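Quick notes on the structure that follows.
Where a number appears in this text, it was derived from the coordinates with a stated rule and is not lab data. Please read these numbers as outputs of a predicted model, since none were measured by experiment. Every residue, glycine as well, gets a Cβ built from its backbone with ideal geometry; the counts of neighbours run over all protein chains shown.
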Amino acid sequence: SLCLINALEYDALWNPFDKTKTSLDNFITDKGKTLKIPFMFHSAEYFPYFNNEEFQAVTIPYLGSCYRMLIIMPNTKKLSTFRRSMTHELFVNVLDSLCEPRDVVLKLPRFKCESDLSMTELLKEMLPSIFYDKGMGFNAIINDPANTLAITDINHKTSIEVSEEGTKAYSVTVEFFTKSLKPEFIANHPFFYFVYDDATR
């Protein structure tokens, strides 16, 4: 058997959140469970922002690139319900609706997400020939007509970690702050996040 591995790493920085303002606060899951987790806090920078009755959205630029992180958080619905309306069209509409950068109070949890997905069934629908047609050109790998090659499995593993600097950081202190008249984006319940290319979307 042959295992072909392709690895990509994306290490992106943004204007750092002040680690001294990171504090523990409540995050409420879709199931109503309350967790105490570190929240990053930023109020000294302007971000493109949008808010309506259904959701809030804010986008954070990465330094020196056209990449952004878009965060969409439903206002009242659980994320598991709101996700049914999350389409590519809505994604583009959200980007089109973002206002010019404005002073936003941003409170975002530090988080790390990992996934391990089998892409086999999806790709069998999209590219069936690479799984079933043993004359696809993989035979250049081995010179043995009796043992032609086809793909059997494709697995995709991802990990993303969001912190004050855009990379790993583990500083937690407690600080209180007061509300202001600025728009507030406080991500204290489940939300979508997207890392996207602002030029191509």
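Below is a table of values for the structure above.
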{"item": "Packing rank of 56-66, 25-35, where each peptide gets the mean count of other beta carbons within 10 Å, highest leading", "result": "56-66, 25-35"}
{"item": "Euclidean distance between Cα centres, segment 40-89 to segment 7-34, Å", "result": "14 Å"}
{"item": "Cα shape, segment 1-124, gyration tensor, a/c 1.5 rule", "result": "rounded"}
